[in-house]
Each structure stands twice: as structure tokens, then as C-alpha cells.
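What follows is a short report on a single structure.
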Amino acid sequence: MDEHEPLNELQNEPIAAACVPAEPPQSFAASMLRLWTLRIGPVSSRHATPILMGLSTLWLLLWVAIDWWGALPDPQFLIAEAPLLAWYALAILALAAFLRRRSRPMLTIEAALMLSLGLVPVPLCLAAGAAPYLSPLGLLGAIIAAAVYSLLFLARGLRAFTGEPQRVTAVAGIAFVAVFIWLTDALGVIPDVWAPAEVEAAADNNDVEADAESLLFDQAARIDRALAAMGTDTSSSPQTFFLGFAGVGEQKVFAQEIGLASRVLSERYGMNGRGLSLINDERDLERAPLASVSGLKYALRGLAARMNVDRDVLFLSISSHGAQDPAIAVSNSQLPLNELTDEDLAEALSDTEIKWRVIIISACYAGGFIDSLKNPRTIVITAAAADRTSFGCSNDSDLTYFGEAFYRDALPEARSLRDAFEKAKSAIALRERREHVDPSKPQAYFGAELEAKLSSMSARPP
């Protein structure tokens with residue numbers, strides 16, 4: 001018996017080895033948890049369909065919850081924005097198809113969808129959890145960290161599902177995501193299904209019993225008195241003049257913004273009292289000439305009479321609500337006032353023959369004014385594109401988003417109007433991303449001749 005024991009041991013060894021159970025494939029849920037921690041393990045397609053449906057629903061609910069949180073304290077549901085969610089669903093499907101076609105061996109549909117859905121929390125957390133609270137440099141670091149994590153996630157996930165290294169496919173997948181993010185930003189496809197309700201509390205008019213006819217009749221005299229105080233330009237060098245227009249009296253923010261614009265532009269460009277503001281403000285109907293289309297035309301003619309129209313520069317600053325016509329809203333204490341259209345403004349400026357004009361319009365849809373005003377001797381800066389709203393025009397704001405970014409923060413220290421605009425545009429975009437609102441996309445046109453003229457004029461150095 002003893003002489004046969006070695007033979008029995010050799011015969012029994014493979015049997016014993018075959019009885020050692022191999023590590024079983026993991027379920028889809030367990031595989032997802034392992035991949036998020038960048039670990040690799042065997043996977044299976046067990047329970048794939050309910051897991052994929054559950055992830056899709058979870059990310060949708062998370063997006064809606066983050067959107068709702070950002071719209072507090074008074075969120076308003078916007079059903080018209082909901083169809084834009086299809087853009088993101090299409091992107092997930094397209095990424096899954098892209099990864100599946102490029103991987104060798106080819107991924108299953110379930111595996112490709114799992115990897116695509118697994119990436120969703122990365123940009124979602126970056127946009128909602130990092131962008132609102134980080135400086136530009138910190139945000140850049142967070143984006144780099146997210147890109148590295150996403151690359152590792154795809155590389156390890158592809159290897160887990162195919163059993164082969166897929167580094168090139170992982171890099172291509174990250175490039176696909178980057179292009180999608182860029183295209184989304186360029187097209188402005190942001191499905192904000194919750195948005196802060198616009199607060200537009202009407203002022204109490206019980207204590208204001210204005211006689212509309214006599215009040216409007218008195219406006220020409222008020223403008224004349226303001227113009228008389230500035231005299232006539234007799235200097236030998238180009239001078240700068242200011243005209244402000246606060247269009248809506250129901251919100252104090254517009255009057256306050258024009259006050260800031262007058263002060264900052266006057267200090268920056270040495271206007272020395274050569275300024276006039278037309279102000280609609282229901283809190284006080286007496287402190288300044290009222291803003292109206294006829295008043296604007298009258299004030300422009302009066303300024304032109306005191307300017308050297310071939311040499312001096314007019315700064316016209318407008319702050320109000322806007323419409324897509326395009327038009328600027330004009331209202332004050334139930335007075336019968338007409339809106340200011342792009343044709344009205346272009347005609348009023350043309351009639352004065354003032355050649356050098358800087359026109360700054362802080363209003364929704366203000367970009368629609370650019371085409372009718374632009375020429376080489378004109379600069380036009382607007383708070384929003386022709387098809388976009390701007391923000392901050394309510395009674396709980398001291399300044400609009402544009403007013404804060406451009407007049408208050410950028411212009412005092414900027415090298416030029418172009419530099420101030422670019423800084424303000426970047427600051428506004430960051431704030432809008434942080435608050436999950438559709439980007440306003442401020443627009444500008446810089447006439448080359450006027451840019452050169454302003455750079456050569458003596459002005460307060462920044």
C-alpha cells in the first residue's frame with residue numbers, strides 16, 4: 001500500500017484543484033461600485049436592465065433636485081425646458097455606441113451603457129458642487145482632476161468588460177465627452193426645469209398722485225436746466241459726454257445702475273460734469289428728468305448742440321427691461337410712455353449727427369440693437385444676446401448682474417472698454433453657471449476707429 005501512496009497523491013491533486021471555486025462574476029450593481037473606486041473585477045450581465053434603468057432615473061432625479069435647490073427660495077417649474085433633457089439622453093446613448101464600436105473585443109450594449117451612465121456623476125458634481133464655490137484656478141484644477149478620474153474609470157471599465165487593455169478607446173471616450181460639453185455650452189442647451197421666480201413687486205402708488213399731463217409737459221424744461229449747467233464745449237481737444245436712461249420706474253435697480261454708470265464713466269473718462277440722466281423711478285418723480293422716447297430725442301439734440309459732433313464722444317448708458325422686438329421697456333407711474341425700439345434709437349442718434357458713440361445697453365435681448373447701431377465710429381456693449389435674457393433686474397437687487405460685473409467690478413481697473421467687457425462677460429458666465437440659469441451671453445461690437453480714438457484720448461489711467 002505504501003508504494004502506491006505517491007501515485008494516489010498525484011492522481012488526487014488535480015481533483016482537489018478543480019474543486020477550488022473560482023471568483024464568481026460580480027453583478028452589475030457590484031461592478032459599478034467597484035469601478036467607481038477604480039478597481040477591476042469579473043463582471044456579468046446579471047440584472048443589467050433594472051440597474052441601467054435605475055441609474056438613468058437616479059441621475060434624472062438628481063439633476064432636477066440640484067436645479068430645484070439652486071432656484072430656492074421661490075423655485076418655479078418650467079415645463080418648456082424639460083424637452084432639453086433629451087439632449088443629454090442622446091449624448092449618453094451616443095457615447096455608449098462610440099465606446100462599443102471602438103473597443104476590441106466589442107462591448108455588449110449593457111456594458112457600454114453602464115460605462116456611459118457611470119460617468120454622469122463626474123460632470124454633474126463638477127458643475128453643481130465645485131464650479132459655484134471655486135476660484136477660476138481652483139475650478140481648472142477640479143476639471144483636470146475630473147478628467148484624470150474619468151480616463152481611469154473608462155480604461156479600467158473597458159478592461160474589466162473586455163479582458164483587454166483599451167487605453168486608446170478610453171482617451172477617445174474622454175475626447176468625446178469634452179466635445180459634447182463644449183457643444184452644449186456653445187448651443188446653450190441647459191435644461192433648467194426650475195428657475196427662481198422673477199420678483200417684480202409693483203411700487204405702492206397710493207401716495208403718488210401725479211398729474212400726467214403737467215408732469216410730461218414739464219420734462220423739456222427740466223432737460224434744458226440740466227443742459228444749461230454743463231455749458232458748451234470750447235476746448236481744443238476731444239471731450240466726453242454722458243447720457244443715462246433708466247427705463248422702468250417700478251424697479252429701483254435701473255435708476256441705481258444708471259447712477260453708478262454716470263459716476264464710473266465720468267471718473268474714468270474725465271467728463272467733469274458733462275452728463276445728464278433721464279430717470280424713471282417711482283420713488284421720486286422730481287429729482288431728475290423722466291426717461292421717455294421723446295425725452296431721449298430731446299436730450300440728444302441738446303447734447304449735440306453743446307458738443308463738437310465731429311470730435312467729441314458720447315457715452316449713452318441704458319438700463320431697463322427688454323423685449324425681443326428688440327425694444328427697451330419704458331414705464332413710470334402709469335404715465336403713457338412708449339417703448340424704445342432699435343429704430344427709434346438709431347434714428348435719434350442719426351438726427352443729432354454725433355459721430356462718435358459708445359452705447360451700453362443693460363437689458364434682456366439687448367444684443368438685437370447691435371446691427372442697427374454699429375459702424376466704425378461706434379462701440380455697442382449689451383448685457384445679453386438678441387435671444388437671451390439677462391438677470392438681476394428686480395427690486396431685491398441693487399444692480400443687475402451686468403451692472404455689477406461691468407460698471408462696478410471691471411471698468412474701474414480695466415485697460416480699455418474691450419478689456420472691461422471681456423472681464424465682465426467671464427464673471428457673468430461663471431455666476432450664471434453657479435446659479436444654473438441659461439447664459440445671457442453678453443455681446444459687443446467695437447468700431448475700430450472709435451477704439452483707436454479712445455486709446456489716444458487722455459483719460460484717467462486704470
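Tabulated data
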{"read-out": "Some residue of the range 102-120 being modelled with pLDDT of 80 or more, over 17 Å from Ala160 (Cα atoms) and surrounded by 16 or more Cβ atoms within 10 Å (Cβ to Cβ)", "value": "yes"}
{"read-out": "Total residues in the range 352-379, condition open to solvent by less than 10 Å² (accessible area, probe 1.4 Å) and within 19 Å of Ala299 (Cβ to Cβ)", "value": "10"}
{"read-out": "Flag if Arg283 is open to solvent by 10 Å² or more (accessible area, probe 1.4 Å) and closer than 18 Å to Ala220 by Cα", "value": "no"}
{"read-out": "Selected residue (only one of Arg408, Arg415 is surrounded by fewer than 18 Cβ atoms within 10 Å (Cβ to Cβ) and not in a helix (DSSP H, G or I))", "value": "Arg415"}
{"read-out": "Test: residue in the range 311-328 that is open to solvent by 10 Å² or more (accessible area, probe 1.4 Å) and of a type in the set (Val, Ile, Thr)", "value": "no"}
{"read-out": "Test result for Ser317, touching a residue at least 12 places away in the same chain (Cβ under 8 Å), polar (S, T, N, Q) and assigned to a strand (DSSP E or B)", "value": "yes"}
{"read-out": "Where Ala424 falls short, out of the listed (1) in contact (Cβ under 8 Å) with a residue 40 or more places away in the chain; (2) out of contact with any strand residue (DSSP E or B) (no Cβ under 8 Å at 6 or more places or on another chain)", "value": "(1)"}
{"read-out": "Which numbered condition Arg433 misses (of (1) open to solvent by 50 Å² or more (accessible area, probe 1.4 Å); (2) in a helix (DSSP H, G or I); (3) out of contact with any helix residue (DSSP H, G or I) (no Cβ under 8 Å at 6 or more places or on another chain))", "value": "(3)"}
{"read-out": "In the range 227-242, the residues that are buried (at least 18 other Cβ atoms within 10 Å of the Cβ) and hydrophobic (A, V, I, L, M, F, W, C)", "value": "Leu227, Met230, Phe241, Phe242"}
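The values are calculated or read from the model by the stated rules, or taken from the named source; none is laboratory data. Small disclaimer: the values here were computed from a predicted structure and weren't measured. Methodologically, a virtual Cβ is constructed for each residue, glycine included, from the backbone with ideal geometry; neighbour enumeration extends over all protein chains shown. Surface accessibility is based on the protein's heavy atoms, side chains included, excluding ligands, DNA and RNA. Shrake-Rupley method; radii C 1.70, N 1.55, O 1.52, S 1.80 Å.
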